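What follows draws every value from the coordinates through simple rules; no lab data is involved. What you see is a predicted model, and the numbers here were worked out from it, not measured in a lab. Heads up, the Cβs are rebuilt from the backbone with ideal geometry, glycines too, and the neighbour counts pull from every protein chain shown.
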Amino acid sequence: MTDQLIKEIRQQNDAYRKTIGLSIQDVDWDNTPRGRCVMTQGFSSLDMFDKFEALNRLRNFNDFNYENDPYSEHDLGAFKVNQHDIIWKINYYSNDLEDGSEDPSNPDITIRVLTMMLANEY
């Protein structure tokens, strides 16, 4: 994959991730890649305040390095909320959500699915 494609994927991942949990009027939908956010059973079981803090930390996450971002796509991160180790991961799917995207840099054929989970569920 070329550096330009990786840069486009990274920018789209950041733009999408920063919209998670925002109200509909706070998002520039014309310039935000399409996506879904899902959570595992463990993450779902956290209390409302921990989930809110995790979504806030997700939107503001910027601690990317070679260990958590070896391909420079900004598609994976981890942080701690209270005593909970949280991991998030973005995967790229085709528009029908049946297969992986043929080109994650093309927002017209890609839906991003961001999964929030507890580290022990990974």
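Just a few scattered comments:
Conditions (1) in contact with a His (Cβ under 9 Å, 6 or more places away or on another chain); (2) free of Cβ contacts under 8 Å to residues at least 24 places away in the same chain; (3) surrounded by 15 or more Cβ atoms within 10 Å (Cβ to Cβ), marked per residue:
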| site | (1), (2), (3) |
| --- | --- |
| Cys37 | no, no, yes |
| Phe43 | yes, no, yes |
| Phe49 | no, yes, no |
| Asn65 | no, yes, no |
| Tyr71 | no, no, no |
| Asp75 | no, no, yes |
| Glu102 | no, yes, no |
| Pro107 | no, no, yes |
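- Selection from the range 67-94 of residues that are within 20 Å of Leu55 (Cβ to Cβ), polar (S, T, N, Q) and not in a strand (DSSP E or B): Asn68, Asn82, Gln83
- Within the range 82-104, the set of residues being among the aromatic types (Phe, Trp, Tyr) and under 16 Å from Ile6 (Cβ atoms) comprises Tyr92 only.
- Scanning the range 100-122 for residues that are in contact with a strand residue (DSSP E or B) (Cβ under 7 Å, 6 or more places away or on another chain) and either over 21 Å from Gln11 (Cα atoms) or outside any loop (DSSP other than H, G, I, E, B) (or both) yields Gly100, Ile111, Arg112, Val113, Leu114, Thr115, Met116, Met117, Leu118, Ala119, Tyr122.
- Restricting the range 52-66 to residues that are under 15 Å from the mean Cα position of the chain (by Cα) and part of a helix (DSSP H, G or I), the residue that is nearest to Lys18 (Cα to Cα) is Arg59.
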